Amino acid sequence: MDVVILILMVALLVAVLFSTVRVVKQGFVYTIERLGKFTTAAEPGLHFLIPFVDRIGHKINMMEQVLDIPGQEIITADNAMVGVDAVVFFQVLEADKAAYEVSNLYGAIMAITTTNLRTVMGSMDLDETLSKRDEINARLLSVVDQATSPWGLKITRVEIKDIRPPLDISEAMARQMKAERLKRAEILEAEGDKTSSILRAEGRKQSAILEAEGKREAQFRDAEARERAAEAEAKATQMVSDAIASSGSQAINYFIAQEYTKAVGKFADSPNAKTILFPVEATQLIGSLGGIGELVKDAVSGEMGGSGTPIAPSKPRAAVPRSTGNS
């Protein structure tokens with residue numbers, strides 16, 4: 001009997017000890033209720049309770065949590081039915097409010113997010129719902145955070161995961177996208193052809209300009225060369241004229257003999273010519289040259305008086321009248 005009482009007392013002591021000592025894990029806050037009334041929020045660590053008087057009310061998760069919003073069928077402003085999925089990120093800041101200001105915290109967050117999701121997206125056209133997700137997220141965040149702030153919550157993010165338009169609208173959008181891409185491709189191709197044509201025209205223009213400048217430079221150089229050749233020819237002609245004027249027929253005979261000798265030399269340089277036949281006119285020309293040279297020589301020596309001094313011209317004689325037979 002004494003042993004049974006001892007065992008009961010030990011068991012009671014253990015039960016009292018377990019009901020007195022509580023360890024709160026990191027990331028959680030426990031609400032302490034004394035005789036059913038909230039007294040304090042126990043932070044992470046070791047806590048002692050009054051046996052049979054204090055008890056743990058709620059275990060509140062203080063870490064940031066994510067709540068998945070199930071798919072919703074929403075009618076947009078242009079009467080298009082779309083399916084929408086979303087997620088909500090939130091964090092409890094005040095454990096007592098989250099425990100005692102709202103019943104079923106997660107269900108309340110889901111309900112208020114779903115309602116505002118329908119309100120926000122129902123006021124927009126289908127194109128706006130597909131292209132303005134950031135705006136939808138921002139509006140939802142503002143509305144839901146304001147609505148849940150009395151519960152000791154902070155809504156950190158609201159994100160639209162997926163928007164599913166009807167099948168026929170999806171096909172129409174695919175055709176529209178294909179047409180838009182084809183349009184862009186044709187525009188880019190046309191712009192490429194335009195740019196290519198402009199570049200080719202610029203190239204032809206530059207080529208024509210350079211070619212014209214080259215021709216002009218070549219003509220200028222050719223004209224300059226002809227001008228210099230003409231100047232040289234004129235100078236040579238002037239020198240020949242001066243030589244003829246100063247030397248008379250000797251210079252003429254010299255130049256004629258020089259050109260004749262060059263012509264005969266070309267006949268002699270021919271590899272096929274073994275015998276050179278001069279025409280009668282050529283032999284006569286040779287004789288004429290020799291005769292002209294002798295005549296010029298005699299004329300010059302006659303004018304010089306044989307001794308190198310010029311002979312004075314004789315005075316004309318006076319006419320003597322003939323005598324008649326009567327004288």
What FRET efficiency would be calculated for the residue pair Ser131, Asn61, taking the C-beta separation as r and a Förster radius of 30 Å, to the nearest 0.05? 0.25
Listed by chain and number, the residues whose amide H is under 5 Å from that of Met124, excluding neighbours fewer than 5 places away on the same chain and using placed H, are Ala77
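Enter the mean projected area of the convex hull around the alpha-carbon atoms of segment 46-98, in nm², rounded to one decimal.
Numbers: hull surface 25.5 nm².
Over every viewing direction, the Cα hull of segment 46-98 projects on average to 6.4 nm².
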Which Rg and Dmax, in Å, describe the Cα atoms of segment 116-248? 42.3, 137
Step through the residues of segment 59-65 one at a time and calculate ³J(HN,Hα) from phi using the Karplus curve (6.51 cos²θ - 1.76 cosθ + 1.60, θ = phi - 60°), rounding each to whole Hz and writing x for Gly and Pro. 9, 9, 7, 9, 7, 5, 10
Using modelled amide H (1.01 Å from N, peptide plane; none on Pro or chain starts), what sits under 5 Å from the amide H of Gly57, excluding residues fewer than 5 places away? Thr31, Ile32, Glu33
Give me the Å³ per residue figure for the convex hull around the C-alpha atoms of segment 66-193. 111
Using each residue's phi in segment 32-47, evaluate 6.51 cos²θ - 1.76 cosθ + 1.60 at θ = phi - 60° and report the 3J(HN,Hα) Karplus result to the nearest Hz, with x for Gly and Pro. 9, 10, 10, 6, x, 10, 5, 10, 7, 10, 7, 6, x, x, 9, 9
Rg/Rh for segment 1-79, where both radii come from Cα atoms and Rh is the Kirkwood radius: 1.36
Could you go through segment 174-187 in sequence order and give the Karplus-derived ³J(HN,Hα) for each residue, using 6.51 cos²θ - 1.76 cosθ + 1.60 with θ = phi - 60°, rounded to whole Hz, and x for Gly and Pro? 5, 5, 4, 5, 5, 4, 5, 5, 4, 4, 4, 5, 5, 5
Based on the Cβ-Cβ distance of Phe52 and Arg118, what FRET efficiency does E = 1/(1 + (r/R0)^6) give at R0 = 56 Å, to the nearest 0.05? 0.70
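Which FRET efficiency, nearest 0.05, do Glu43 and Val10 yield, Cβ-Cβ r, R0 45 Å? All intermediate terms of the calculation are to be shown ahead of the outcome.
Values: r = 32 Å, r/R0 = 0.71.
Once the sixth-power term is evaluated, E becomes 0.90.
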Segment 1-142 pair-distance distribution - Cα-Cα, 5 Å bins, rounded %: 2, 8, 14, 14, 11, 9, 8, 8, 7, 6, 4, 3, 2, 2, 1, 1, 0
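No value in this document is a laboratory result; all are computed from the given coordinates. Please read these numbers as outputs of a predicted model, since none were measured by experiment. Don't worry about glycine lacking a Cβ; one is built from the backbone with ideal geometry, like all the others, and counts go over all protein chains shown.
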